[in-house]
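The values are calculated or read from the model by the stated rules, or taken from the named source; none is laboratory data. Source: prediction; values computed, not measured. Here the Cβ positions follow ideal geometry from the backbone for every residue, glycine too, while neighbour counts run over all protein chains shown. The accessibility values were calculated without ligands, DNA or RNA, using every heavy atom of the protein model including side chains. Shrake-Rupley method; radii C 1.70, N 1.55, O 1.52, S 1.80 Å.
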Amino acid sequence: MNIFKILHSKEFIFAKECYKTCNSYCCKNPYFKFLSFAKNDNIILPMLEAEFLTLNSQIQFKNTKHITFILKNNKKIKLYFVECDFKGLCSPHNLRPLICKLYPYFPIIDNDGNFIRARESTMYDLFYKDEKNHPCTLIQTNKKDIINQLKITTEEIRKVPIMIFIFKSLQYIDEALQKYFENIFNKKIFIDTLDRGGVIEFFKHYEKNSFTMQAFKNQEFIENIISLYNTLEQKHGEEFTQYFFE
């Protein structure tokens, strides 16, 4: 079973043409002017190699880059970053990366895929204090219903080992990023409470971490990922390990 091909026929959040209510916020980068490496407001989408290969045969993404991550046990996994300029007008619309289909949340789960709660999907969205200030109208006005949808519609994929790894890893990534910024600013930081100078300072460190990956070099994050890998390998064997290489 190629779960990433199955995803083409799946939808998880049902909010028809919601991009019209927020000026396509989730499909472009509203903060690109604060980032020296961003030349436009196109978004960068992350996906595992297996997902990228199933989509790239049908959609030609721009400016594709990939990074190979090496776990503490020397297992490797390849992550692709692709530039998207569709601004919510993907065609055919079903051929969207998982992160787009889940937006604006992803499920926080246990090691068996059981739903615990939901968390904001993108890195920027983690750093809003007041939901009423958030540019996404689904978060502003329909949070409870959207999370209920997510709990129901992701039930099948939450039991797939590589999906468990993805969702748990996203949780650990978010936690590591928040700690990274707390250590820099000596407090919890929120974009919607900062003046322009504060926003500039925030994105200076955000961009620095994009290059150095410093937030993910702490021991807690490393141990969380390797513990997750070991748990899933022991329980699921090759069904899980097929996505990694030596």
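Checking the a/c ratio against 1.5 first, then a/b against b/c, what shape does the Cα gyration tensor give for segment 118-243?
Oblate.
Name the long-range amide H neighbours of ILE108: under 5 Å, sequence gap of 5 or more, or other chain; modelled H, no Pro or chain starts.
Excluding prolines and chain starts, which carry no amide H, the hits are ILE116, ARG117, ALA118, ARG119.
With every protein chain kept in place and ligands, DNA and RNA left out, what is the accessible area per residue of the chain? Probe 1.4 Å, answer in Å².
Details: 13060 Å² over 246 residues.
Per residue, the chain has an accessible area of 53 Å².
Ratio of Rg to Rh for segment 28-84, alpha carbon only, Kirkwood?
1.06
Name the trypsin sites (Lys or Arg not before Pro) in segment 74-136 that are in a loop by DSSP and that have at most 15 other C-beta atoms within 10 Å, would you?
Taking segment 74-136 and a limit of 15 other Cβ atoms within 10 Å, the loop trypsin sites (Lys or Arg not before Pro) found are LYS87, LYS129.
Determine which aspartates and glutamates satisfy two conditions relative to LYS76: a Cα distance under 17 Å, and not lying fewer than 8 residues away in the same chain.
GLU49, GLU51, GLU223, GLU233, GLU238, GLU239, GLU246
Of all the accessible heavy-atom surface of the chain, with the other protein chains kept in place and a 1.4 Å probe, what percent is carbon and sulfur?
It is 51 percent, rounded to a whole number.
So which GluC sites (Glu not before Pro) in segment 108-174 end up in coil per DSSP with only 16 or fewer other C-beta atoms within 10 Å?
Counting only loop positions with at most 16 other Cβ atoms within 10 Å, the GluC sites (Glu not before Pro) in segment 108-174 are GLU155, GLU156.
Go ahead and estimate [θ] at 222 nm for the chain from helices alone: -39,500 (n - 2.57) per DSSP H run with n ≥ 4, summed, over the residue count, rounded to 500.
Helix contribution divided over all residues of the chain: -12000 deg cm²/dmol.
Take every Cα-Cα pair in segment 173-246 and report what % of them are more than 17 Å apart.
Tail of P(r) above 17 Å: 57 percent of Cα pairs.
Can you list the HN-Hα couplings for segment 65-75, worked out from phi with the Karplus curve (6.51, -1.76, 1.60; θ = phi - 60°), rounded to whole Hz and with x for Gly and Pro?
Rounded to whole hertz, the list is 10, 9, 10, 9, 9, 10, 6, 4, 8, 6, 6.
Within segment 144-222, list the chymotrypsin sites (Phe, Trp or Tyr not before Pro) lying in a DSSP loop whose Cβ has at most 16 other Cβ atoms in a 10 Å radius.
PHE190
Compute and list, largest first, the equivalent-ellipsoid semi-axes of the chain from the alpha carbon gyration tensor, each √(5λ) rounded to a whole angstrom.
In descending order, the three semi-axes are 26, 23, 19 Å.
Applying the Karplus parametrisation 6.51 cos²θ - 1.76 cosθ + 1.60 with θ = phi - 60° to the phi angles of segment 125-134, what ³J(HN,Hα) value in whole Hz is obtained for each residue in order, glycine and proline being reported as x?
Running phi through 6.51 cos²θ - 1.76 cosθ + 1.60 with θ = phi - 60° gives 5, 5, 10, 10, 7, 10, 4, 5, 8, 6 Hz.
Quick one: 3J(HN,Hα) in Hz for segment 176-187, Karplus 6.51/-1.76/1.60 with θ = phi - 60°, rounded, Gly and Pro as x.
5, 5, 5, 5, 4, 6, 4, 5, 6, 9, 6, 5
Under a Cβ-only charge scheme (Lys and Arg +1, Asp and Glu -1), can you give me the dipole magnitude of the chain about the Cα centre, in debye to the nearest 20? Could the numbers behind the result be given before it?
Details: 34 positive and 29 negative charges, 85 e Å.
Roughly 420 debye, rounded to the nearest 20.
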